[in-house]
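For reference, the structure is listed below as structure tokens.
The values are calculated or read from the model by the stated rules, or taken from the named source; none is laboratory data. Only a predicted model underlies this, so the values are computations on that prediction, with no experimental measurement involved. In this analysis, Cβ positions are derived from the backbone assuming ideal geometry, glycine residues included, and neighbour counts consider all displayed protein chains. Calculation scope for accessible area: heavy atoms of the full protein, side chains included, ligands and nucleic acids excluded. Shrake-Rupley method; radii C 1.70, N 1.55, O 1.52, S 1.80 Å.
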Amino acid sequence: MTAALEIRGITKRFGALTAVNDVSFGVERGQILGFIGPNGAGKTTTMRICATLEYPDHGDVFVDGHSVLTYPREVRARLGFMPDSYGAYANTTIWEYLDFFARAYGLKGDARRKRVGEVMDFTQLGDLQEKEIATLSKGMKQRLCLAKTLLHDPSVMILDEPAAGLDPRARVELRELVRALAGMGKAILVSSHILTELAEMCDGVAVIERGELKATGLVGDITRGLRSHAQVYVRVLEPIEVLERALAEQPLVQKARRDGAGVVFDHAGAPAELAKLLAALVAQGLQPVEFAPREANLEEVFLTLTEGKLQ
Amino acid sequence: MTGATEADVPASASTRAFSDRSNPIFVKELRAALRGRYFRVLFPLTLLVATLIAVLVLVDGGSYGSNRLGRDLFQAMFGCLLVAVTGLVPFSAFLSMGNEWDEHTYDLLVISRLRPLQIALGKLSSAGIEGLLYFSAFTPFLVFAFLLRGIDITSIALLLVGAWIASASTSAVALLLASLGRLRLVRVMLMALLAALLLAANIGANAYVDMHLRQPPAMNTMEEWQALALTYFLLGLPGLLALAAASSGLAHAEENASTAPRVLVTGLLVTLLGIGIWSHLSSPSRHTPMIVGFACALGVALCDLFFVTEAEPLSRRVALFAPRGGVRALFAAPFLPGGGRGFVLFLLHLALCVGAVAAMLAWGPHVGPRAGWEVEAVFCVVVFAGYLVVYLGGVSLLFSGRTRDARTRLVARVLIPVGALISIFAPALLGFLVEDRKWMEMQHPFDPFWVAIASGVEGDDAKHWAVLACVVAVLVLALNAPRVVRGLAEARAAGVERERRAAQTARAGETAHAA
Ligand SMILES: Nc1ncnc2c1ncn2[C@@H]1O[C@H](COP(=O)(O)OP(=O)(O)OP(=O)(O)O)[C@@H](O)[C@H]1O
Ligand SMILES: [Mg+2]
């Protein structure tokens with residue numbers, strides 16, 4: 001069984017600039033994949049290719065098995081795309097906006113009215129249906145755009161920086177909505193700059209820089225691949241210099257450095273060695289109050305994989 | 001009026017069925033237009049101005065006891081109506097199309113199930129409804145003018161139909177212009193162009209109305225009806241072409257937006273040439289073949305200049321759907337996108353024009369002033385076609401390397417007609433400066449009309465220029481040969497590749513079936 005969204009070796013050039021270079025990855029049903037990379041990395045371009053708004057110079061994208069090149073209309077029927085910048089029509093209410101797009105997706109009669117009602121309920125816009133779009137807040141507009149994206153019940157969703165410009169509450173609400181959608185079995189690709197946001201929401205990430213895919217997979221897998229050593233944080237009641245001296249005698253401890261009131265070090269050994277290390281510290285009369293391996297976070301992944309060069 | 005009322009109040013089944021079948025853009029535009037400021041302010045304002053003008057006309061006419069009060073009132077009111085339906089309505093169509101670019105909503109339309117033609121038609125039909133509202137608002141004035149006498153009901157009806165066609169046509173042109181300007185700055189310039197075009201159209205329409213009212217045709221002969229049909233057709237033609245161009249302009253850059261307009265232009269050309277041949281054979285005239293030949297060649301060149309300036313290579317998507325098989329693709333090549341292939345189509349169109357003129361003169365009776373005139377007449381058209389080949393082939397060849405860029409394409413498309421006009425009129429100005437009488441009177445080698453006519457049917461004082469023009473045209477043809485060959489070869493290769501893929505799929509299917 002192939003992934004719901006499958007990107008196979010796509011390349012896109014704008015004149016001399018290669019915006020996307022031989023990128024391949026997939027998103028499974030029910031999976032939320034975060035798409036991260038610095039400004040100008042090629043995220044939007046990749047997403048626009050998936051949405052049939054650009055066509056790749058090489059390679060192809062398959063949505064539920066349909067090629068964007070050969071059957072773009074089939075793809076459009078199965079894919080919901082929420083662009084990073086979009087506007088709303090003047091003199092149009094929420095209901096009219098949704099009704100219009102429902103018509104544009106070919107929904108008719110009672111089915112259309114029912115569907116518009118459903119997406120308004122899902123995104124909690126029902127009470128606002130008479131409001132003109134021009135008067136909506138950013139958070140509401142974002143929800144409206146999400147509602148629009150859901151009208152034709154797509155099985156694959158592509159959200160380009162949906163959380164940009166939202167306040168914390170609106171962000172949490174959006175995250176819950178996206179989670180709920182994944183729960184319905186939709187494959188979701190989300191790009192964002194807010195990495196903590198993505199880390200809480202996504203099952204995996206794809207990292208892109210200057211058009212090249214740097215890594216893809218679960219955050220944990222990627223970090224394990226990046227680091228040969230476990231990172232450990234330790235804090236003791238004794239003065240920090242005592243701890244540093246004790247650690248310096250341990251053969252498996254590398255790169256010990258202060259971090260706040262404690263010390264972080266790389267440990268090259270197996271978990272059993274780590275347990276021995278703790279015992280050794282206690283045996284030396286130290287009183288550890290914190291001793292924990294430190295998980296690499298998305299920010300670290302991001303900073304390690306990308307060089308911070310802007311394109 | 002709002003959508004929610006439609007949702008809440010049970011509308012009748014037929015209303016719902018109608019609303020379901022209507023173009024979504026049309027429904028949306030209509031809702032927005034009726035709520036929008038543009039319409040809500042302009043509509044009453046127009047009526048107010050019209051009332052004022054009506055009062056002025058009546059007071060003024062009444063004071064000297066005019067016996068054509070009805071006609072004066074009609075003319076004034078019709079003028080106001082024209083401003084509304086061929087000024088305000090196209091402008092609102094332009095703004096609503098421009099809005100899609102400004103608000104970045106066009107992408108959202110593209111990824112829905114709407115097709116570009118549907119989008120253009122939706123915008124056009126909502127402009128049509130807006131126009132209808134103006135028509136109905138002006139009806140009381142027009143009825144009043146009729147009651148005052150001085151104008152017959154047939155004239156009113158004919159002019160109203162004409163105004164309606166003009167409204168649709170100008171709105172389509174406005175949509176085309178708006179579809180070209182995705183950047184605001186470009187659109188401001190296009191808006192100025194639109195304003196100029198609409199002004200010219202209004203002046204022309206008012207002049208026509210004046211002429212019509214002075215000598216209203218009785219409409220009891222076939223010729224009068226034919227003339228009327230031709231007038232309506234010519235009024236609608238720019239709109240039809242603009243609609244085709246707009247919907248291909250709205251299509252995705254990689255999508256085949258060229259084949260449909262190419263077929264449309266070819267079909268129109270064949271129709272017009274057919275009408276020309278028929279009209280010449282039914283009532284032979286010395287002028288018909290020349291007018292038909294020149295007008296059709298010029299008209300088709302104006303359309304084809306869009307095709308010859310297209311980006312040269314086939315997009316991946318179009319290549320995927322090339323006609324199956326090399327030979328078939330080769331024959332279809334003139335109708336596939338691409339500048340080189342567009343040039344082939346243009347040559348075919350010119351050949352059709354020359355062929356039609358030759359057919360008229362060969363099949364029709366001898367109409368010329370002397371023996372051998374027919375051959376000279378055909379030569380005239382050939383010379384004129386030669387100039388067109390130089391304009392289109394020359395300029396498009398210069399830009400052909402960079403036509404992938406939309407801006408370069410725009411420059412090339414503007415440069416062809418503007419360059420031709422400059423090369424025709426600049427020498428006349430120069431003639432003024434150096435006081436050369438002939439050049440002043442547009443009798444110079446850069447004026448294709450003069451060279452073509454003077455060298456052919458009117459004697460031979462420009463024959464050497466005509467020959468030179470033909471030589472240059474052949475040179476341009478030769479220079480274009482490489483890109484034409486590349487274009488044809490590319491089409492053929494795409495056809496072969498498609499056949500190969502089809503065979504592969506069929507084989508795969510057979511194996512699957514066998515398994
Ligand atoms: N239509 C276009 N024409 C020319 N260049 C383009 C076009 N679209 C994108 N680019 C370029 O391609 C590169 C990738 O852009 P893209 O928008 O995909 O990046 P991104 O990862 O989405 O960046 P951001 O985080 O800023 O949104 C950029 O250098 C951009 O300038
Ligand atoms: Mg982006």
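Table for the structure above
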item: Full-extension gain in nm, A:Ala268 to A:Met184, via 0.36 nm per residue minus C-alpha separation; result: 26.0 nm
item: Rounded to 10°, Cα long-axis angle of helix A:94-104 versus longest principal axis of chain A; result: 70 degrees
item: Residues with amide H under 5 Å from that of A:Ala230, placed H, sequence gap 5 or more; result: A:His267
item: Rounded accessible area per residue of chain B, 1.4 Å, Å²; result: 49 Å²
item: FRET efficiency estimate (nearest 0.05) - Cβ-Cβ, B:Leu302 to B:Arg37, R0 25 angstrom; result: 0.10
item: Length added when fully stretched, B:Leu479-B:Leu320, from 0.36 nm per residue minus Cα-Cα; result: 54.3 nm
item: Cα shape, chain B, gyration tensor, a/c 1.5 rule; result: oblate
item: Peptide ranges B:18-28, B:366-376 listed from the most packed, as the mean C-beta count within 10 angstrom indicates; result: B:18-28, B:366-376
item: Cβ crowding within 10 Å averaged over residues, with A:278-288, A:178-188 ranked highest first; result: A:178-188, A:278-288
item: CD proxy at 222 nm, helix term only [per DSSP H run n ≥ 4: -39500 (n - 2.57); per residue of chain B; nearest 500]; result: -27000 deg cm²/dmol
item: Distance in nm between pseudo-label sites at A:Leu237 and B:Ala253 (7 Å out along the Cβ direction from Cα); result: 6.9 nm
item: Chain B - charge dipole about Cα centre, Lys and Arg +1 at Cβ, Asp and Glu -1, debye rounded to 20; result: 1400 debye
item: Interface B:A - total buried accessible surface [probe 1.4 Å, Å², rounded to 100]; result: 3800 Å²
item: Cα gyration tensor category, rounded, prolate or oblate, for the protein assembly as shown with a/c compared to 1.5; result: prolate
item: HN-Hα J in Hz across the stretch B:353-361 - Karplus 6.51, -1.76, 1.60, θ = phi - 60°, x for Gly and Pro; result: 4, 4, x, 5, 4, 4, 5, 4, 6
item: Per-residue average of Cβ from other chains inside 10 Å of A:98-111; result: 6
item: Relative contact order (%) - chain B, alpha-carbon pairs under 8 angstrom, separation at least six; result: 13 percent
item: Integer Hz, Karplus 6.51/-1.76/1.60 couplings in order for the stretch A:229-245, x for Gly and Pro; result: 10, 7, 10, 10, 10, 9, 9, 10, 6, 5, x, 5, 5, 4, 4, 4, 4
item: Percent carbon-and-sulfur accessible area, the protein assembly as shown, ignoring ligands, DNA and RNA, probe 1.4 Å; result: 64 percent
item: Residue pairs, from the table A:Lys131/B:Lys28; A:Lys138/B:Lys28; A:Lys108/A:Lys131; A:Lys141/B:Lys123; A:Lys148/B:Lys123; A:Lys108/B:Lys28, whose Cα atoms sit over 18 Å apart; result: A:Lys138/B:Lys28; A:Lys108/A:Lys131; A:Lys141/B:Lys123; A:Lys148/B:Lys123
item: Contour minus Cα-Cα distance for B:Ile422 and B:Ala489 (0.36 nm per residue); result: 20.5 nm
item: Karplus-derived 3J(HN,Hα), 6.51/-1.76/1.60, for each residue of the stretch B:34-46, Hz, glycine and proline x; result: 5, 8, x, 5, 3, 6, 5, 8, 5, 4, x, 4, 4
item: B:Ala359-A:Lys114 pseudo-label distance in nm [points 7 Å out on the Cα-to-Cβ vector]; result: 5.7 nm
item: Helical mean residue ellipticity (222 nm; -39500 (n - 2.57) per DSSP H run of 4+; nearest 500) of chain A; result: -11000 deg cm²/dmol
item: Average Cα contact separation per residue, the stretch A:167-299, under 8 Å, 6 or more apart, as relative contact order %; result: 25 percent
item: Between the stretch B:100-121 and the stretch A:99-176, the alpha-carbon center distance in angstrom; result: 18 Å
item: Label-point separation, A:Asp221 to B:Leu240 (7 Å along Cα→Cβ), nm; result: 6.0 nm
item: Global form of the stretch B:418-510, assessed from the alpha-carbon gyration tensor, a/c cut-off 1.5; result: prolate
item: The stretch B:220-375, Cα convex hull volume normalised per residue, Å³; result: 127 Å³
item: Accessible surface, per residue, of the stretch A:5-223 when the full set of protein chains is kept, probe 1.4 Å, Å²; result: 35 Å²
item: Long-range amide H partners of A:Glu54 with built H, under 5 Å; result: A:Ile49
item: Net charge dipole size for chain A [Lys, Arg +1 and Asp, Glu -1 on Cβ; Debye, nearest 20]; result: 640 debye
item: Alpha-carbon centroids, the stretch B:406-433 and the stretch A:259-292: separation in whole Å; result: 83 Å
item: Cut-off under 5 Å, modelled amide H: who pairs with A:Lys186 long-range; result: A:Gly30
item: Cβ-derived FRET efficiency at R0 51 Å, B:His513 paired with B:Val414, nearest 0.05; result: 0.35
item: Centre separation in Å (Cα based) which lies between the stretch A:1-73 and the stretch B:253-288; result: 44 Å
item: Normalised contact order of chain A, rounded percent, pairs of Cα under 8 Å and 6 or more residues apart; result: 22 percent
